[in-house]
1. Please verify whether B:Ser42 is under 23 Å from A:Val285 (Cβ atoms), modelled with pLDDT under 85, within 16 Å of the chain's Cα centre (by Cα) and among the polar types (S, T, N, Q), treating the condition exactly as stated.
2. For the range A:325-374, give me the residue count where each residue is within 14 Å of chain B (Cβ to nearest Cβ) and of a type in the set (Ser, Thr, Tyr).
3. Checking A:Glu58 against (1) touching a Lys or Arg at 6+ places or on another chain (Cβ under 7 Å); (2) free of Cβ contacts under 8 Å to residues at least 60 places away in the same chain; (3) within 30 Å of A:Leu224 (Cα to Cα): exactly one of these is not met. Which one?
4. If I ask for residues that are part of a helix (DSSP H, G or I), within 13 Å of the chain's Cα centre (by Cα) and either closer than 19 Å to B:Arg149 by Cα or at the interface with another protein chain (Cβ under 7 Å from one of its Cβ atoms) (or both), which ones from the range B:74-93 would you list?
5. Looking only at the range B:109-122, decide whether some residue is surrounded by 16 or more Cβ atoms within 10 Å (Cβ to Cβ), aliphatic (A, V, I, L, M) and more than 10 Å from chain A (Cβ to nearest Cβ).
6. With the requirement that a residue be farther than 17 Å from B:Asp25 by Cβ and of a type outside the set (Val, Ile, Thr), what does the range B:36-50 give you?
7. Going by the structure shown, is B:Arg178 surrounded by 22 or more Cβ atoms within 10 Å (Cβ to Cβ) and not polar (S, T, N, Q)?
8. Out of the range B:127-147, which residues are among the charged types (D, E, K, R), assigned to a helix (DSSP H, G or I) and buried (at least 18 other Cβ atoms within 10 Å of the Cβ)?
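The values are calculated or read from the model by the stated rules, or taken from the named source; none is laboratory data. Predicted model only: the values in this text are computed from it and were never measured. Because the Cβ atoms are built from the backbone with ideal geometry, glycine has one as well, and the counts that use them run over all protein chains shown.
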Amino acid sequence: MTLALKELLYSKGRFIMIGLIIVLISWLVFILSGLGTGLSTLSTGVLSQADFTGIVFEEGSEYSLSKSKISGSLSEEVSAQEGVSDTAALSTFNTSIRKAGTANSNEKITDIVLIGIAPDSFMEPDLVEGNRWNGSEENQVIADISLENEGYAIGDSITFSGTDKEVTIVGFTKDQTLYHQSSLYVSMDKFRDIRFPNAESANGIENVVSGIAVRGEDIDMQALTEPGSGIEYGTKEETINAIPGYVAENATITMMLWFLMIISAFILGVFFYVLTNQKTHQFGVLKAIGGSNGFIVRSVISQVFFLALISILLGIGLTSLTVLILPETMPFQLEAEMVSIYSLVLLGISILSSLFSVARISKIDPLTALGRAE
Amino acid sequence: MTGIQLKNVTKRYKENQFEITALEDVSVNIEAGEFVAIVGPSGSGKSTFLSIAGALLKPTEGQILINSNDITHFDEKKLSSVRLNQIGFILQTANLIPYLTVLDQLLIVKKMQGSVSKADRIFALELLKDLGLANKENKFPNECSGGERQRVAIARAFMNDPDIILADEPTSSLDTKRGHEVVQQMAEQVKMRGKAAIMVTHDERMLDYCDRVYRIVDGKLTEENHLA
């Protein structure tokens, strides 16, 4: 152990070079992972942040809320199914908003996703600013904090395109985005008022909602979702994967991440191997004076471990500094859990890549210490 | 008995279809407190002799006994432990570890045996003092002269308190004056600490320090009448 540290300190230049590679790789890995999490929240936040087990959709909607219309009165039937402990109606509508009283077309229009929920249901988001809405006050809405960057504040009145309905922002929530747009939560009644101003637009469905979110364990929806029943059921995972673009987006970033890891494993492996080869004679001397393979291998691995650990910590530090200078609108979210997972993977890869060298070390003949072949 | 014994040792190498005999029926017996030199031209089998005596190489035939203990058929792991605990190697060009200080060069031997105690540290400093290296303990090898490096290597060989000291051309990189100093100090340490020592050399000036001299030619070992 001390042998490893002493060499690290003595041959600083050489090890700083390798360390720098690990720092840069881990930096890139953390930024990519932050960007990946940020993008996936932007794409799926409303669903991925909520705590539910699955959603009941209209048959044929392919687990997509925007394609689905069912009657809210199904809730009772859904609640009666095996394993269901709670239900919450949910509606979504892509529309755009602008500040009230600015009817002239010069005023900025922002695309949003309007989310209708029943107040006090489990789909209601947590607030980061402002007050909870008052159930009896239909015109109150909760907005995602990202709307603050668009110039909206608590107390602002807003109108929707195509209607003259007006609502007021009473609170902000965070990470509640869907289809890469900020969300605006309204009560279900107000939602219907905005989305379906007349009965025809709701296809004549009574109490229309997009879907019914379900909570519970070991849920069995078979009885309700037989073909022809007009309903289908998707788990939380299926629902999130059905969000347009999400799977492709996520897969791209994940693929980049793992390719980066694999490439780094090879680069580091080659580096350590060259380093070991350079030290063949030295290891030969250690063996000649009685050093066992285990002693030398332990020393090499602990060296790689320290080097990788310090470099990864530096990478984390650099990433946190990067976060400070990123623009606020950039979808970037660094999760402690992801950082620790990727740190461990990088650490593992570094040690794994030194195993080539370990195999080489055990083959070094202590005779090389004599420095001549006879 | 203590010391090292080689009994009828033969070493043959296969090179393509030719067989080369590097050592032929070599028998030698060196007791504790004896300082023996092996001289001979290059290619005569000196290194092979040293490698076999130093548990680095196995003989084709014959036996090696260290303190009457037959190590001929030990596996690599056991040989490594013999080298660590019973043999002190002094190599051609000192072969110190570049990133360790003089003191650490000695302590690494103890570290390989397990752990370094306070007594080990005191013993190491004492060895360095005996070899005229006091105040050099925090220097790195590249800050030492050639003679100093070779003396560090001698100190390192004694560090594990071995039964046998083996030196491979310890003076090859030194001038005459330094060479004499180094071999003289080596001889003193061998006598003082009662070790069986073998020095392989082609440097005939150094033979005065030795109790016996063997000459090796084409793998055959013969004792010389020593003038002293």
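1. The answer is no for B:Ser42.
2. Of the residues in that region, 2 qualify.
3. With (1) touching a Lys or Arg at 6+ places or on another chain (Cβ under 7 Å); (2) free of Cβ contacts under 8 Å to residues at least 60 places away in the same chain; (3) within 30 Å of A:Leu224 (Cα to Cα) applied to A:Glu58, the lone miss is (2).
4. Scanning the range B:74-93 gives B:Arg83, B:Leu84.
5. no
6. If the condition is that a residue be farther than 17 Å from B:Asp25 by Cβ and of a type outside the set (Val, Ile, Thr), then B:Ala37, B:Pro41, B:Ser42, B:Gly43, B:Ser47, B:Leu50 are the ones that fit.
7. no
8. B:Asp130
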